[in-house]
Amino acid sequence: QVQLVESGGGLVQPGGSLRLTCSASRITFSLYVMSWYRQAPGKERELVAGIGSDGGSTNYADSVKGRFAISRDDAKSTVYLQMNSLKPEDTAVYYCKATLIDNSGMAYWGKGTLVTVSS
């Protein structure tokens, strides 16, 4: 079955950095737009960053623009989220999403990895 597995979450101090990894299996990775979402306690899930199937276009939430960077390695079927200058408000469960580029809306979600930014 299709699997998206996130890793790299943990506890980090404000101003610190963390890199999240999402590894996909049993999909043709190059046919998917990849994105990261997050959900903080008491808040709705929100889009953090997205990257096109060819890696040529990216988009970011205003709250993370300039601090986070999304990238992908199709040879490894993996997408990354580099998180710098972390703030306490970045604390959330971060989810990986793969969306087919055929306009069907078919998508897969990972189970999430927890990022806690605190002193």
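Below is a table of values for the structure above.
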quantity: Among (1) of a type in the set (A, V, I, L, M); (2) closer than 16 Å to Leu100 by Cα; (3) open to solvent by 60 Å² or more (accessible area, probe 1.4 Å) - the single one Leu11 does not satisfy; calculated: (2)
quantity: Residue match in region 21-43 (condition: assigned to a loop (DSSP other than H, G, I, E, B), among the basic types (Lys, Arg), farther than 30 Å from Ser119 by Cβ and open to solvent by 30 Å² or more (accessible area, probe 1.4 Å)); calculated: yes
quantity: Any hit, region 59-68, residues being loosely packed, with under 13 Cβ neighbours inside 10 Å, within 17 Å of Arg19 (Cα to Cα) and without any contact (Cβ under 8 Å) to a residue 12 or more places away in the chain; calculated: yes
quantity: Inter-residue pairs, beta-carbon under 8 Å, first acidic (Asp, Glu) and in region 2-19, second open to solvent by less than 30 Å² (accessible area, probe 1.4 Å), 6+ apart; calculated: Glu6/Leu20; Glu6/Thr21; Glu6/Cys22; Glu6/Tyr94; Glu6/Cys96; Glu6/Gly110; Glu6/Gly112; Glu6/Thr113
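The values are calculated or read from the model by the stated rules, or taken from the named source; none is laboratory data. In this text, all values refer to a predicted model and were calculated from it rather than measured experimentally. Cβ sites come from the backbone with ideal geometry, for glycine too, and all protein chains shown count toward neighbours. For accessibility, only protein heavy atoms count, side chains too; no ligands or nucleic acids. Shrake-Rupley method; radii C 1.70, N 1.55, O 1.52, S 1.80 Å.
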